[in-house]
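K.L.:
Okay, here's the structure, questions in a sec.
None of the figures in this text is laboratory data; all of them are computed from the coordinates on show. Here the structure is a predicted model, which means the values were calculated and not measured. Here Cβ is always computed from backbone atoms with ideal geometry, including for glycine, and neighbour counts include all displayed protein chains.
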Amino acid sequence: MTPNKQFLPIKTAELRVSFNELKMDIVDLHEIPEIIPMLAEWHHQQWSYLNPQISLEKRTEEYQKFLSEGLIPSTFVARENDEVVGSAAIVEHDMNTRMEYSPWLASVFVHPSHRNKGVGSTLVSHVISQAKKNNTESLYLFTPDKEDFYKRFGWFTIHREPYKNVQVFVMKVNLS
């Protein structure tokens with residue numbers, strides 16, 4: 001897949017925020033590619049039911065696509081005090097049944113021991129910020145169960161439909 005050139009110019013390397021003396025930073029996966037096996041395992045455990053035909057090894061290989069300098073595709077990684085605690089991606093397409101929509105917020109994951117601490121919110125905000133810097137007009141996502149979480153950021157549901165044998169909300173946020 002050739003990246004759409006409109007997404008290539010800007011990609012901010014790092015964001016630092018502090019919550020209750022925890023130092024959280026958001027870095028691009030291309031800066032720390034050694035964590036790919038761990039991320040692949042986390043994501044495989046969380047979402048393999050949506051793609052049971054994709055092995056952990058294949059998922060790990062697919063992360064190589066996220067090591068480019070352009071924005072799409074990118075994975076951003078949250079670290080607290082240098083410990084990897086979550087990730088979120090921006091991809092060209094995330095649903096093969098909705099190819100008319102692009103780009104997508106995808107793979108928002110926070111390790112269970114770090115949930116409800118603002119990590120997911122920070123990751124989502126970071127991806128939105130990166131998309132805005134690249135003059136992206138809107139982003140899309142799908143979620144089986146986190147519709148209320150995304151609504152807090154201005155996302156709205158545009159479809160509720162079955163996808164890979166699971167009911168999902170397809171959501172959109174306008175950025176312009």
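K.L.:
Compute a Gaussian network model of the chain, connecting alpha carbons closer than 10 Å, and tell me which residue from Val166, Val127, Val27 fluctuates the most.
P.N.:
For the chain, modelled as a Gaussian network with Cα springs under 10 Å, the answer is Val166.
K.L.:
Here is a further query. Compute log10 of I(q)/I(0) for the chain with the Debye formula, placing one identical point scatterer on every Cα and leaving out solvent, at q = 0.20 Å⁻¹, to two decimals.
P.N.:
-1.63
K.L.:
Right, here's the next one. Please give, to one decimal in nm, the separation of the simple spin-label points placed at Ser121 and Glu57, each 7 Å out from Cα toward the Cβ.
P.N.:
Label at Ser121, label at Glu57, 4.2 nm between them.
K.L.:
In nanometres, what is the gap between the two model label sites at Arg152 and Glu69, each 7 Å from Cα along Cα-to-Cβ?
P.N.:
Each label point lies 7 Å from its Cα, and together they span 3.7 nm.
K.L.:
What are the principal axis extents of the Cα atoms in region 76-162, in Å, biggest first?
P.N.:
The principal-axis extents, from largest down, are 40, 29, 22 Å.
K.L.:
List the GluC sites (Glu not before Pro) within region 27-71 that DSSP assigns to loop and that have no more than 13 neighbouring Cβ atoms inside 10 Å. Before the final figure, lay out the partial values.
P.N.:
On the way: sites: Glu31, Glu34, Glu41, Glu57, Glu61, Glu62, Glu69; in loops: Glu69.
Hits after loop and neighbour filter: Glu69.
K.L.:
Where q = 0.13, 0.26, 0.29 Å⁻¹, what log10 of I(q)/I(0) comes from the Debye formula for region 104-152, counting one point per Cα?
P.N.:
Calculated log10 I(q)/I(0) at the listed q: -0.32, -1.14, -1.29.
K.L.:
Mind jotting down the distance between the C-alpha centroids of region 97-176 and region 70-95, whole Å?
P.N.:
12 Å
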